[in-house]
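Right, one structure below, let's go through it.
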Amino acid sequence: MFEGESVRLRALRAEDAEHHVRWRNDPEVVHWATGGDPCFGPVTAEAVGLAFETMLRLSPRESAVFTVEDLADGAVIGMADYRDLDPFAGRVTVGITIGERDRWGRGHGSDALRLLVGHLFGAYGLHRIELDTWSGNERAVRAFTRAGFREEGRRRDAVLVAGRRYDTVLFGMLREEWRPARNAQERGRPRA
């Protein structure tokens, strides 16, 4: 379990499936999380149940899904994950979804992302962390940039949302760009 300023990341539990069913059947959550990808939702409770059987058995050496809870009231508000962990190359792909719309725009996703990045750089000694979004999700683009991720490229017109084409925006963060690491180094430097 990891606690930040506003959220906690904890291990996924079987009872979290009910939240995932609700989020994946909420058209607005599906729109912003995936650009309306029909593979994300809508989805049946049975399909989420089958996916949970797999997610609950994931090896943290390769991938994991965490539940995001609001520290203020303990409510389950989203999910954070990492996948494709490659210890040889020292990289991993991450994702964050805040599924409770009343918690959007309050910094919960940014705090969850900071916690996840800190865990991955700290526990696995990775060199880089990657993530992406679609160019129409300007809130995610701003949040990723504020968290220290840099835009590294685009897949032009790769996402179709409501009949309009958008780019997939690719982001990365290198270990030396990780803010907590830099701040800790600066605190440890002798003063002139």
Just to be sure I understand the curve: with the Debye formula and one point per C-alpha of the stretch 34-105, what is log10 I(q)/I(0) at q = 0.16, 0.25, 0.28 Å⁻¹? -0.74, -1.26, -1.28
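First select every other residue whose beta carbon is under 13 angstrom from the beta carbon of Gly95; then total the charges, Lys and Arg +1, Asp and Glu -1.
Numbers: positive: Arg83; negative: Asp37, Asp81, Asp84, Glu130, Asp132.
Here the charged neighbours net out to -4.
Quick check for you: with a 1.4 Å probe and neighbouring chains kept, what is the accessible area per residue of the chain, in Å²? Spell out each step's value before the answer.
Details: 10760 Å² over 192 residues.
That works out to 56 Å² per residue.
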With -39,500 (n - 2.57) per DSSP H segment of 4 or more residues and division by the full residue count of the chain, the 222 nm estimate, nearest 500 deg cm²/dmol, is -10000 deg cm²/dmol
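About the Cα centre of the stretch 22-180, how large is the charge dipole given +1 on each Lys and Arg Cβ and -1 on each Asp and Glu Cβ? Please answer in debye to the nearest 20. Write out the running numbers ahead of the final one.
Details: 22 positive and 24 negative charges, 84 e Å.
Magnitude of the dipole: close to 400 debye.
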Using Cα springs under 10 Å in a Gaussian network model of the chain, which residue among Arg128, Arg175, Arg164 shows the largest mean-square fluctuation? Arg164
Report the calculated FRET efficiency for Glu152 and Ser59 (r = Cβ-Cβ distance, R0 = 30 Å), to the nearest 0.05. 0.65
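When the accessible area of the stretch 41-105 is computed with all protein chains present and a 1.4 Å probe, what percentage of it is carbon and sulfur? The partial results should precede the final answer.
Values: 1780 of 3350 Å².
Percent of accessible area from carbon and sulfur atoms in the stretch 41-105: 53.
Which trypsin sites (Lys or Arg not before Pro) in the stretch 1-34 pass both tests, a DSSP loop state and at most 12 other beta-carbon atoms within 10 Å? Walk me through the intermediate numbers first.
Working: sites: Arg8, Arg10, Arg13, Arg22, Arg24; in loops: Arg13.
Hits after loop and neighbour filter: Arg13.
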From the C-alpha gyration tensor of the chain, pull out the three semi-axes of the equivalent ellipsoid (sqrt of 5λ each), sorted largest to smallest, in whole Å. 27, 21, 17
With the crude spin-label approximation of a point 7 Å out along Cα→Cβ, what separation in nm comes out for Arg22 versus Ala89? 3.7 nm
Within the under-11-Å Cβ sphere about Asp26, not counting Asp26, Lys/Arg +1 and Asp/Glu -1 give a net charge of +1
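Which of the trypsin sites (Lys or Arg not before Pro) found in the stretch 53-110 are loop residues per DSSP with 10 or fewer other Cβ atoms within 10 Å of their Cβ? If you can, show how the numbers build up before the last one.
Details: sites: Arg57, Arg61, Arg83, Arg91, Arg101, Arg103, Arg106; in loops: Arg57, Arg61, Arg106.
Answer in residue order: Arg57, Arg61.
The values are calculated or read from the model by the stated rules, or taken from the named source; none is laboratory data. Given the structure is predicted, the values throughout are model-derived calculations rather than measurements. Every residue, glycine as well, gets a Cβ built from its backbone with ideal geometry; the counts of neighbours run over all protein chains shown. Note: accessible area is taken over every heavy atom of the protein model, side chains too, but ligands, DNA and RNA are not part of it. Shrake-Rupley method; radii C 1.70, N 1.55, O 1.52, S 1.80 Å.
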